[in-house]
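Colleague: Please see the structure below; I have some questions.
Taken together, the values in this text are just the output of simple stated rules run on the coordinates, not laboratory data. The shown structure was predicted, so the numbers you read here are calculated from the model rather than taken from an experiment. Note: ideal-geometry Cβ built from the backbone for every residue, glycine included; neighbour counts use all protein chains shown.
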């Protein structure tokens, strides 16, 4: 029985013009992975063949093998990506997603299967993501794969990065067969940039608001008490 260790975004076999997009959202305690694969009919690749090529049950961890000779059914004690399929008329949009605990993402099928060396660690709530600068493994396994785009979104303060471009809080890394570059990103999970306005944190504003309300209530109480004393 033959075992195939598929990386989620590259389970496309050897189809020309392939590209993949991986969207990661970093929160304080989790990393949400959302992958969209758009696949159109071309040549011998009919809609029926395309649809049957994308398994419904893909384990989130690379250490859980996919046995290509067995039915596309879930096994007990195995966690799978959530899959959605959208019919585009001349193809399909396949969506796979899962929300990982931040300390478990280093075992995810996508990251673990793509790089020979990588590091995903947190120390004092500082998240560090780094990979080697060699070719992504699956460009060798799938010679007709053209490009991979990784979008990392976070509302937390990014201390360092080497993204190809940044749009608001989305950091984009683009890879081709000829790319020899890494992903390097350091995020301070103590500082949420959306909770800061002109350098003032929302939590500070909340506390300040409570103090102001207390002062107003005390002032009203003293005014009313003083009026009542004057009437006596």
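Colleague: Quick one: if the Förster radius is 45 Å, what FRET efficiency do residue 181 and residue 221 give, using the C-beta to C-beta distance and rounding to 0.05? Don't skip to the answer; put the middle values down first.
Modeller: Values: r = 65 Å, r/R0 = 1.44.
Once the sixth-power term is evaluated, E becomes 0.10.
Colleague: Could you tell me whether region 33-74 comes out rounded, prolate or oblate from its Cα gyration tensor? Rule is a ≥ b ≥ c as square roots of the eigenvalues, rounded for a/c under 1.5, then prolate if a/b exceeds b/c, otherwise oblate.
Modeller: Working: a/c = 2.89, a/b = 1.54, b/c = 1.88.
Here region 33-74 falls in the oblate category.
Colleague: Then there is this: Tell me, what is the Rg over Rh of region 42-106, with Rh the Kirkwood radius over Cα pairs? Each step should come with its number before you reach the end.
Modeller: Working: Rg = 14.0 Å, Rh = 13.6 Å.
Radius of gyration relative to Kirkwood radius: 1.03.
Colleague: Continuing with the same structure: Find the Cα radius of gyration of region 3-192, compare it with 2.2 N^0.38 Å by division, and give the number to two decimals. Write out the running numbers ahead of the final one.
Modeller: Values: Rg = 16.8 Å, N = 190, 2.2 N^0.38 = 16.2 Å.
Here the answer is 1.04, to two decimals.
Colleague: What is the gain in length, in nm to one decimal, between residue 84 and residue 210 on full extension, counting 0.36 nm per residue of separation less the C-alpha to C-alpha distance? Let's see the in-between values first.
Modeller: Numbers: separation 126, 0.36 × 126 = 45.36 nm, distance 4.55 nm.
Full extension of this stretch gives 40.8 nm more.
Colleague: Let me ask you something else. Regarding region 67-142, what are the three Cα extents along the principal axes, ordered largest first, in Å?
Modeller: The principal-axis extents, from largest down, are 46, 31, 28 Å.
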